[in-house]
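So the structure is just underneath, and the comments pick up after that.
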Amino acid sequence: MGYAALELNDLARSPGAWLQGSGPQADIVISSRIRLARNLADFPFVGRTSERDRAQIEELLHRSVTRIEEGSSLLYVDVDDLTGVDRQFLVERHLISREHAEAHGSRAVAIDVREEFSLMINEEDHLRIQVMQSGLDLEGAWNRVDKIDNMIERDVTYAFHEKLGYLTACPTNVGTGMRVSVMLHLPALVLTRQIEKVFRSLQKISLAVRGLYGEGSQAMGDFYQISNQITLGRGEQELMKQVADIVPVIIDYERQARDYLVRESHQTLHDRVSRAYGILRTAQTISSEETMHLLSSVRMGVNLGLIDGLEIPKLNELFIHTQPAHLQKLSGMELDSADRNIERARYLRRHLNKFPDESERN
Amino acid sequence: MKCQHCDKPATFHITELTDGKPQELHLCEEHAREYLTESGQNPASVGSMAAMLAQQMAQQMTVGQTAEELARLDEQLCPFCGISFHEFRSQGRLGCPHDYTCFHRQLDPLILNIHGESEHVGKRPNRGADQSEARTRLIRLRREMKEAVTEEDYERAGKLRDEIRRIEGEQEG
């Protein structure tokens with residue numbers, strides 16, 4: 001096992017800073033993220049490069065990335081060298097994209113060990129810098145990503161166009177190259193079937209709604225990411241403001257929906273939440289999908305005071321630790337789908353019961 | 001961004017008005033065509049959708065082009081990275097920074113359609129990074145070298161490598 005693989009094992013045991021469950025409105029807002037897409041001026045975009053070009057780009061950016069001074073150490077990972085489970089693990093943690101995991105050839109990711117930022121090299125663009133914060137803090141995320149961007153720029157020349165701004169492989173990212181996104185937990189809006197209405201109104205103001213794992217992913221566990229679709233013709237501050245202005249409105253809708261549920265169908269809600277908790281504590285085999293779905297109910301139950309003795313950070317951790325690759329890394333075994341479901345149920349029983357042995361006997 | 005109907009990249013981004021409400025459509029070329037043809041075959045549904053889509057496609061390819069002219073535009077190549085506009089349209093990814101300049105006639109309306117704006121506002125790099133002649137030359141040499149390696153013309157690849165190193169050296173100095 002290489003050095004990077006060992007470090008990844010350490011990473012697996014913690015839930016990641018952005019899942020701490022701290023920060024303003026942390027019961028609904030999970031995290032804030034900003035990513036910048038950048039390309040080197042002297043190379044073709046990644047899709048048109050030769051393997052030699054990619055290796056050279058990686059070398060150049062590796063050198064630059066290791067010079068980032070942000071008060072913590074960086075873990076530099078050669079993605080091509082990783083096992084399938086390790087790649088999937090990084091995707092589950094939002095440290096690399098699914099595309100980056102599945103691509104071929106020289107590519108890397110540099111991870112801040114506190115998981116507050118990561119840099120993907122040779123993804124769709126030569127460089128993608130992302131900063132993540134727990135709770136709602138876009139300003140903080142921007143200050144940091146801007147600083148890191150400036151540090152890298154001391155060493156390399158970015159592709160930039162006077163009129164079009166930062167040039168990207170896909171014209172949907174041209175201009176600022178910036179994607180601002182806020183991840184929200186919206187179970188009550190889903191339960192009251194109002195979520196579609198929210199989506200439609202967001203699309204009107206050209207904001208995108210994605211699932212937990214970005215484009216095309218299912219809205220697992222009622223988690224949604226709200227982000228800007230437009231990157232050109234608006235400054236970074238304006239792009240952030242648009243998202244920052246809308247998030248409190250959605251939070252308010254979610255709170256209203258929760259109040260409505262508590263007021264109008266308290267019994268049904270309490271029953272639903274309790275049953276979800278019951279299944280998670282006693283199941284002997286359980287899929288990832290069902291786990292997310294039930295954890296989502298329990299999370300809302302904790303926030304509404306319907307369940308005692310459980311903390312949000314613990315639940316956030318369970319959301320991530322019960323994902324397929326995490327489960328395999330934590331158990332130290334490669335498991336097929338059926339075995340994963342058994343291991344997942346065991347993991348949940350162990351972490352949700354005061355006396356896990358008792359449930360083992362049941 | 002992926003097409004709404006398949007895994008291919010969406011190269012057509014359309015804002016459609018249904019009952020006065022805007023709706024975003026993201027389609028790959030194939031599905032955009034299919035949509036257009038389907039609606040075209042059924043006169044009842046030749047409503048706003050098909051009309052808008054036709055308009056978008058026409059706009060994207062500059063208004064009033066004949067099929068021949070469209071095909072010619074599609075075949076246009078970037079002199080540096082060698083990508084054709086057709087390749088860009090089918091993959092949804094450009095080949096090099098210079099494409100924004102050489103395909104600007106086709107790209108400008110597309111960019112305006114996606115972003116509703118055509119000029120960057122916001123952060124700028126500290127150093128001037130417009131595509132200078134040396135940069136575009138480097139991109140061309142890298143492509144030629146990739147081709148030489150594919151053709152197993154190692155002598156030529158070696159010469160190109162030296163040339164690339166020379167220009168890189170000049171830039172650093």
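The values are calculated or read from the model by the stated rules, or taken from the named source; none is laboratory data. Note that this is a predicted model, so its numbers are computed, not measured. A quick note on method: Cβ atoms are made from the backbone with ideal geometry, for glycine too, and the neighbour counts reach across all protein chains shown. Ligands, DNA and RNA are excluded from the accessible area calculation, which covers all protein heavy atoms including side chains. Shrake-Rupley method; radii C 1.70, N 1.55, O 1.52, S 1.80 Å.
Return the calculated 222 nm mean residue ellipticity for chain A, to the nearest 500 deg cm²/dmol, obtained by summing -39500 (n - 2.57) across DSSP H runs with n ≥ 4 and dividing by the residue count.
-15000 deg cm²/dmol
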What is the set of long-range amide H partners of B:GLY116 at a cut-off below 5 Å, with H atoms built 1.01 Å from backbone N?
none
What number results when the radius of gyration of region A:81-145, computed over Cα atoms, is divided by 2.2 N^0.38 Å?
1.15
5 angstrom amide H check on A:LEU164, placed H, neighbours 5+ away
B:HIS120
Which of A:LYS197/A:LYS241; A:LYS314/B:LYS123; B:LYS8/B:LYS159; A:LYS204/B:LYS8; A:LYS241/B:LYS2; A:LYS197/B:LYS2 exceed 28 Å between C-alpha atoms? The answer is A:LYS314/B:LYS123; B:LYS8/B:LYS159
Would you work out the Kirkwood radius for the protein assembly as shown? I mean one over the mean of 1/r across all pairs of different Cα atoms, in Å.
25.1 Å
Hydrodynamic calc, region A:265-352: Kirkwood Rh from Cα pairs, then Stokes-Einstein at 20 °C with viscosity 1.002 mPa s, so D in µm² s⁻¹ is 163 µm²/s
By how many degrees, between 0 and 90 and to the nearest 10, does the Cα long axis of helix A:3-13 differ from the longest principal axis of chain A?
30 degrees
Using only alpha carbon pairs under 8 Å that are at least six residues apart, calculate the relative contact order of region A:3-258 and give it in whole percent.
24 percent
How many square angstrom of accessible surface are buried between B and A, both sides summed, with a 1.4 Å probe and rounding to 100?
4600 Å²
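When you have a sec, figure out the Kirkwood radius of region A:3-258 from all distinct Cα pair distances and drop it here in Å to one decimal?
On the way: mean 1/r = 0.0533 Å⁻¹.
By the Kirkwood definition, the hydrodynamic radius is 18.8 Å.
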Cα-based convex hull, region B:130-172, per residue volume (Å³, whole number)
51 Å³
In the protein assembly as shown the accessible area split gives carbon plus sulfur, as whole percent at 1.4 Å, a share of 49 percent
May I ask you to derive the FRET efficiency for A:ARG350 and A:GLU289 from their Cβ-Cβ distance with R0 = 22 Å, giving the value to the nearest 0.05?
0.60
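With a probe of 1.4 Å, find how much accessible area region A:3-258 has per residue, and write the answer as a whole number in Å².
34 Å²
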